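Structure, as structure tokens:
The values are calculated or read from the model by the stated rules, or taken from the named source; none is laboratory data. Small disclaimer: the values here were computed from a predicted structure and weren't measured. Cβ atoms come from the backbone with ideal geometry, glycine included; neighbour counts cover every protein chain shown. The accessibility values were calculated without ligands, DNA or RNA, using every heavy atom of the protein model including side chains. Shrake-Rupley method; radii C 1.70, N 1.55, O 1.52, S 1.80 Å.
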Amino acid sequence: GLLILIFSMMLSPEIVIGGVPGREITVRIDDFLLIMLLVAWLARIAIFEKEGIHFVHTPLNIPILIYVLICIVFTAKGMIFGFSNPLKSFFFTLKYIEYFILFFLVVNIIKTEKQVFNILIAGLITCLCVTVFAYSLFGKEPRVYAPFDTGGGAPASLGGYYLIIYAVMLSFFLNSESILIQLTMIGLSLFLLPPFIKTLSRASYFGFVPMVITMLLITKKKRF
């Protein structure tokens with residue numbers, strides 16, 4: 001399920017199911033798949049709890065739950081007092097919560113190095129597909145965007161995606177002893193650079209430098 005989710009988050013098309021003033025309400029396959037995985041995971045915990053399968057505790061659990069609670073409370077307050085559109089606010093908040101659900105699913109489902117390897121390979125294949133699509137937009141669109149963004153209205157989403165990919169590649173480069181892996185990461189970085197620049201996302205540009213600095217600070221080898 002997680003492997004399919006990796007592909008669907010970037011490659012599945014958006015489906016418009018309605019709209020509110022100033023914005024369409026869209027869903028993708030990954031929205032449904034994420035809920036299905038959550039239900040299956042909770043059922044698995046409930047059924048096999050006596051066999052040692054339980055909810056994994058991490059240092060982020062409490063901060064995440066507090067943040068989600070704050071989002072829900074203040075979103076509800078905005079709806080009650082008429083500060084925000086109820087339907088629009090509901091779906092925005094739901095999308096935020098989905099990211100945290102994904103975090104909990106990954107932490108609780110991934111147990112072995114083989115699973116991690118499979119996830120990374122799936123992520124690499126997805127990234128290559130997304131990048132080839134982005135290159136296909138060169139000369140056709142002023143800004144490149146992700147495959148799911150059929151209307152081309154959110155190039156910053158692709159820019160943010162590339163920031164995450166660059167962080168993963170930089171971590172491999174800084175922590176790997178293999179020259180081949182390091183050269184591969186350099187080659188992939190150069191391959192992704194033109195589409196990243198072509199997003200014309202200022203937020204992504206500004207986020208690139210703090211990302212690099214953070215990765216240098218937390219790497220074990222301290223390669224400055």
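Average projected area of the Cα convex hull of the chain, in nm²?
15.0
Could you estimate the translational diffusion coefficient of the range 99-224 from the Stokes-Einstein equation, with Rh from the Kirkwood formula over C-alpha pairs, at 10 °C and 1.306 mPa s, in whole µm²/s?
On the way: Rh = 15.9 Å.
Reported coefficient: 100 µm²/s.
For a quick check of understanding: with a 1.4 angstrom probe and all protein chains in place, what accessible area in square angstrom does Ser157 have, to the nearest ten?
Answer for Ser157: close to 60 Å² accessible.
By accessible area of protein heavy atoms, probe 1.4 Å, what ranking do Met215, Met79 get, highest first? If you can, show how the numbers build up before the last one.
Values: Met215 30, Met79 60 Å².
The ordering from most to least exposed comes out as Met79, Met215.
Using amide H atoms built in the peptide plane, which far-off residues or other-chain residues are under 5 Å from Phe148 H to H?
Placed amide hydrogens put nothing under 5 Å from Phe148.
Give the carbon-plus-sulfur fraction of the accessible surface of the range 82-146 in %, rounded to a whole number; probe 1.4 Å, heavy atoms of protein chains only.
Summing carbon and sulfur atoms, their accessible area is 73 percent of the total for the range 82-146.
Put Thr219, Thr112 in order of accessible area, largest first, 1.4 Å probe: what do you get?
Descending order: Thr112, Thr219.
Quantify how much of the Cα-Cα distance distribution of the range 29-129 extends past 17 Å, in percent.
Above the 17 Å cut-off, the range 29-129 has 66 percent of its Cα pairs.
Check the chain and count each lysine pair with an alpha-carbon distance under 20 angstrom, considering only pairs eight or more places apart or from different chains.
Working: Lys50/Lys111; Lys77/Lys88; Lys77/Lys95; Lys140/Lys198.
The number of close lysine pairs in the chain is 4.
Modelled label-to-label distance, Arg44 and Leu124, 7 Å Cα→beta-carbon offset: nm?
Taking the two extended label points, one gets 2.5 nm.
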